[in-house]
Structure formats: structure tokens, C-alpha cells
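Take a look at the structure set out below.
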Amino acid sequence: LAGGVLFRNWSVADSGLVALGGVGSVNTTEWSAGVEFLPDPARPFRRPVRLGVYRTGLPFPLLQGVGINETGISAGSSLQFAGGRAQLDFALSRVWRDGGAGFSERATLLNLGVTIRQP
């Protein structure tokens, strides 16, 4: 199991951005949680199942006083090969953004990672 909370103090830049004609900035809080399930604990690198979720606010709103929130969920696993010297990690994620006033985005992401270990 894993989890985290992160607070970012973006509002210190607000007055400078507004002075330059921008909308400004707001503080953000992000939380995340994840779990990894090992079907065979004796061989932890053999097809682990990973699940995760997060929610965060974005620091730069589109409209004054209207925050933007992003939510994501993901599922993934990994495969080890070449005698344990190479590993392929992959995850499929779905992300939603809501910026109020009719602004929204949806995305499906495929993340791939390759690890090669020296003998």
C-alpha cells in the first residue's frame, strides 16, 4: 500500500500574475493512493497487479475564482525477462479534468517503462 498528500503554495505568485494581466494562481492539494498485489509472493516480479488513484487541483485557473480539478485512476503490471536483467513496466490510466464553466477534458494514457540492469 502507498499513499501521499502534497500541498503546494502557488498563491504566492498570484499578485505578480494578475499584475501582468493573467488570471492568477491558487494553492493546490494533491492526494494519491495505490496498492500492489503479488499473485506469487515467492516471485514478486512475476505479473504484479498495480492499482492507483489520485486527485489534485491545478494551480492556474481558466477563470478568476473557478478552480480546476484533475482525477485519475490507473492499472498496470510489469514483465521481467532476459534472466531478470530487463523489465517492462506498463500502466493504463484514465484522467478527468473539470475547470468549471463548461471546461473539461478526458484522456486515456498508456505509460511504458523499460529497465535494463547491468550484470
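The values are calculated or read from the model by the stated rules, or taken from the named source; none is laboratory data. Everything quoted here is computed from the prediction, not taken from an experiment. All Cβ positions, even for glycine, are placed from backbone atoms using ideal geometry, and neighbour counts span all protein chains on display. Only protein heavy atoms, including side chains, enter the accessible area calculation; ligands, DNA and RNA are left aside. Shrake-Rupley method; radii C 1.70, N 1.55, O 1.52, S 1.80 Å.
Scan segment 65-102 for residues that are closer than 20 Å to THR29 by Cβ and not in a strand (DSSP E or B) and jot them down.
GLY65, GLY99, GLY100
Looking only at segment 97-115, count how many residues are surrounded by 11 or more Cβ atoms within 10 Å (Cβ to Cβ) and either under 12 Å from GLY72 (Cβ atoms) or touching a helix residue (DSSP H, G or I) at 6+ places or on another chain (Cβ under 9 Å) (or both). Lay out the reasoning, then the answer.
Quick first cut of segment 97-115, residues surrounded by 11 or more Cβ atoms within 10 Å (Cβ to Cβ) only: 97-100, 103-105, 107, 109, 111, 113, 115.
Filter once more, so that each one left must be either under 12 Å from GLY72 (Cβ atoms) or touching a helix residue (DSSP H, G or I) at 6+ places or on another chain (Cβ under 9 Å) (or both): 97, 105, 107, 109, 111.
Looking only at that region, the number is 5.
How many residues does segment 39-69 hold that are more than 19 Å from TRP96 (Cα to Cα) and out of contact with any Lys or Arg (no Cβ under 8 Å at 6 or more places or on another chain)?
Looking only at that region, the number is 12.
Could you grab me the full set of residues in segment 41-55 that are surrounded by fewer than 14 Cβ atoms within 10 Å (Cβ to Cβ) and hydrophobic (A, V, I, L, M, F, W, C)?
Hits for segment 41-55 are ALA42, PHE45, VAL49.
Yes/no per residue for (1) hydrophobic (A, V, I, L, M, F, W, C); (2) modelled with pLDDT of 90 or more:
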site: ILE73; (1), (2): yes, yes
site: GLY83; (1), (2): no, no
site: TRP96; (1), (2): yes, yes
site: PHE103; (1), (2): yes, no
site: LEU112; (1), (2): yes, yes
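Could you list, in sequence order, all residues of segment 9-46 that are modelled with pLDDT under 85 and either touching a strand residue (DSSP E or B) at 6+ places or on another chain (Cβ under 7 Å) or of a type in the set (D, E, K, R) (or both)?
Answer for segment 9-46, where residues must be modelled with pLDDT under 85 and either touching a strand residue (DSSP E or B) at 6+ places or on another chain (Cβ under 7 Å) or of a type in the set (D, E, K, R) (or both): ASP40, ARG43, PHE45, ARG46.
Only one of these conditions is not met by SER78: (1) among the hydroxyl-bearing types (Ser, Thr, Tyr); (2) open to solvent by 50 Å² or more (accessible area, probe 1.4 Å); (3) over 18 Å from GLY3 (Cα atoms). Which number is it?
Unmet condition: (2).
Of the residues LEU62, LEU58, LEU38, only one is without any contact (Cβ under 8 Å) to a residue 12 or more places away in the chain and surrounded by 13 or more Cβ atoms within 10 Å (Cβ to Cβ); which?
LEU38
Considering only residues that are farther than 23 Å from SER93 by Cα and not hydrophobic (A, V, I, L, M, F, W, C), look in segment 22-35 and name the one that is most open to solvent (accessible area, probe 1.4 Å).
In the first step, residues of segment 22-35 are kept if they are farther than 23 Å from SER93 by Cα; the result is 22-27.
In the following step, the residues that additionally are not hydrophobic (A, V, I, L, M, F, W, C) were identified as 22, 24-25, 27.
Working: GLY22: 36, GLY24: 6, SER25: 7, ASN27: 66 Å².
The residue in question is ASN27.
Find the residue count for segment 1-21, including only residues that are assigned to a loop (DSSP other than H, G, I, E, B) and either surrounded by 14 or more Cβ atoms within 10 Å (Cβ to Cβ) or hydrophobic (A, V, I, L, M, F, W, C) (or both). Before you say what the answer is, go through the steps one by one.
Step one: of segment 1-21, the residues assigned to a loop (DSSP other than H, G, I, E, B) are 1, 9, 20-21.
The next check asks that each one be either surrounded by 14 or more Cβ atoms within 10 Å (Cβ to Cβ) or hydrophobic (A, V, I, L, M, F, W, C) (or both); those that pass are 1, 20.
Looking only at that region, the number is 2.
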